[in-house]
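Quick notes on the structure that follows.
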Amino acid sequence: MPKLFRPSVRLTENDVTDEQVYLNRRSLLKSMGFLGASTLLSTPASAAGWFWSDDEEKTPFQAQPLEFTQPPKYQINETRTPENKVTSYNNFYEFGTSKDAPAKNATEFQTNPWTLKVDGLVNKPLTLDYDALTARFPLQERIYRLRCVEAWSMVVPWVGFELASLIKQADPMMSAKYVAFETLYDRDQMPGQRSRFMGGGIDYPYVEGLRLDEAMHPLTLMAVGLYGKTLPPQNGAPIRLVVPWKYGFKSIKSIVRIRLTDKEPPTTWNRLASNEYGFYANVNPSVAHPRWSQASERRITTGGLLARNRIETQMFNGYTEVAPMYEGMNLSRYY
Ligand code: MTE
């Protein structure tokens, strides 16, 4: 997402002080052997953890193979973006705003144990632990186009399950109209959440939302993997949303909470710049971003970043089966 030069995102003296105090406190605690203790306190067997250093308790990410089916409908005939590009050119502002920052800064992001809660206007609130994320629902591989609002795109073989199957298990109440999503808030692990400068001026946690019918659409995926293996941290481990007909910022990463509600929920980029990023954010080549055209996109494939691979952007990113959900809506107003 292009940096916004607005007063609210400039680094102020307060931010610097805040970060410095935080870092000092952290190094003091660390030197006293205290850091890391909080996560270990609940397990008596780890009492010795009081004297572990921060580094010893972290295990770098290792992708695990997943079992899944490959429904022919979702095996599209387009060149896939190579895995090394999918996992090294990322937007995950919790780990920094440059494209290479998430892969560098999230290597030790701890995603197991993990808790995903589904609550709000549901009759059966759910809590899924790490193992349930990959075991509770049969997994499918789906090759989707991912179109970022910044006008680049990729073709990614995700592994996941339909969000609809999760929401159905929670048994939504009649009053539920929207679904709100929230990313983990963990300042210890996510440097972008500690510094407004590094985190792009976002008020964390990152939040997103969909209308209930959009959330229940069969294309809407909860992804737990890509290229046949568990998601790397920089792509939103252990579980993220993928809504292929919307700009990429709707596809929120590392989700801890899904809440059904009767009101349109706030969304991170809309809060930051409502004239640039709407709630709907459907890919639409005829509605320009205030600062650039959305008529075409740079497809990231095997060529270098400068390769001639500009293609025309398609309405709904080519997923025209979603059009009936927006019948009668003026899509240049609800952008
Ligand atoms: N989710 C969180 N929590 N934080 C983010 O910064 N960036 C979004 C989206 N989800 C983002 C996020 C944007 S702008 C895009 S384009 C996609 O993630 C990028 O996903 P990828 O890095 O897996 O390609």
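The values are calculated or read from the model by the stated rules, or taken from the named source; none is laboratory data. What you see is a predicted model, and the numbers here were worked out from it, not measured in a lab. Every residue, glycine as well, gets a Cβ built from its backbone with ideal geometry; the counts of neighbours run over all protein chains shown.
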Practice task
Would you check if Thr97 is surrounded by 19 or more Cβ atoms within 10 Å (Cβ to Cβ), assigned by TED's automatic domain parsing to the domain that holds Phe249, in contact with a Ser or Thr (Cβ under 9 Å, 6 or more places away or on another chain) and not acidic (Asp, Glu)?
Solution key: no
Problem - Residue satisfying condition, being within 13 Å of the ligand (Cβ to nearest atom), assigned by TED's automatic domain parsing to the domain that holds Gly120 and assigned to a loop (DSSP other than H, G, I, E, B), within set Gly225, Gly199 - result: Gly199
Completion exercise
Scanning the stretch 212-222 residue by residue, those touching a residue at least 60 places away in the same chain (Cβ under 8 Å), farther than 20 Å from Gln64 by Cα and either of a type in the set (Asp, Glu) or not in a loop (DSSP other than H, G, I, E, B) (or both) turn out to be Asp213, Glu214
Fill in the blank from the handout: All-but-one check, Ile252 against (1) within 17 Å of the chain's Cα centre (by Cα); (2) at pLDDT below 95, failing number (2)
Practice task
Considering only the stretch 248-268, state which residues are more than 15 Å from the ligand (Cβ to nearest atom) and buried (at least 18 other Cβ atoms within 10 Å of the Cβ).
Solution key: Arg259, Leu260
Practice task
Inspect the stretch 232-255 for any residue being out of contact with any strand residue (DSSP E or B) (no Cβ under 8 Å at 6 or more places or on another chain), more than 27 Å from Gln110 (Cβ to Cβ) and in the same structural domain as Asp186 (by TED's automatic domain parsing) and give the result as yes or no.
Solution key: no
Handout entry: Qualifying residue in the stretch 265-279 (condition: among the basic types (Lys, Arg) and assigned to a loop (DSSP other than H, G, I, E, B))
Key = no
Practice task
Select from the stretch 228-241 the residues that are outside any strand (DSSP E or B) and closer than 18 Å to Pro138 by Cβ and write down the one among them that is nearest to the ligand (Cβ to nearest atom).
Solution key: Leu231
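Residue-by-condition table, conditions (1) assigned to a loop (DSSP other than H, G, I, E, B); (2) within 16 Å of Ile143 (Cα to Cα); (3) aliphatic (A, V, I, L, M):
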residue: Gln62; (1), (2), (3): yes, no, no
residue: Glu67; (1), (2), (3): yes, yes, no
residue: Lys73; (1), (2), (3): no, yes, no
residue: Ile76; (1), (2), (3): yes, yes, yes
residue: Thr81; (1), (2), (3): yes, yes, no
residue: Tyr89; (1), (2), (3): yes, no, no
residue: Pro102; (1), (2), (3): no, no, no
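Conditions tested, residue by residue: (1) in contact with a helix residue (DSSP H, G or I) (Cβ under 9 Å, 6 or more places away or on another chain); (2) in contact (Cβ under 8 Å) with a residue 12 or more places away in the chain; (3) over 22 Å from Gly248 (Cα atoms); (4) not acidic (Asp, Glu).
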{"position": "Asn84", "(1), (2), (3), (4)": "no, no, no, yes"}
{"position": "Thr87", "(1), (2), (3), (4)": "yes, yes, no, yes"}
{"position": "Phe92", "(1), (2), (3), (4)": "yes, yes, no, yes"}
{"position": "Phe109", "(1), (2), (3), (4)": "yes, yes, no, yes"}
{"position": "Tyr130", "(1), (2), (3), (4)": "no, yes, yes, yes"}
{"position": "Phe137", "(1), (2), (3), (4)": "yes, yes, yes, yes"}
Practice task
Pairs only if they're at least six apart or on different chains, beta carbon under 9 angstrom, first in the stretch 243-256 and closer than 12 Å to Phe279 by Cα, second at pLDDT below 95 and within 8 Å of the ligand (Cβ to nearest atom); list them, first residue then second.
Solution key: Phe249/Met1
Exercise for the section: Select from the stretch 60-110 the residues that are farther than 24 Å from Arg298 by Cα and among the acidic types (Asp, Glu) and write down the one among them that is modelled with the lowest pLDDT. Expected result: Glu108
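Each row is one residue, and each column tells you yes or no for (1) more than 10 Å from the ligand (Cβ to nearest atom); (2) within 18 Å of Asn90 (Cα to Cα); (3) surrounded by fewer than 19 Cβ atoms within 10 Å (Cβ to Cβ).
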residue: Arg136; (1), (2), (3): yes, no, yes
residue: Glu150; (1), (2), (3): no, yes, yes
residue: Glu162; (1), (2), (3): yes, no, no
residue: Ser175; (1), (2), (3): yes, no, yes
residue: Asp213; (1), (2), (3): yes, no, yes
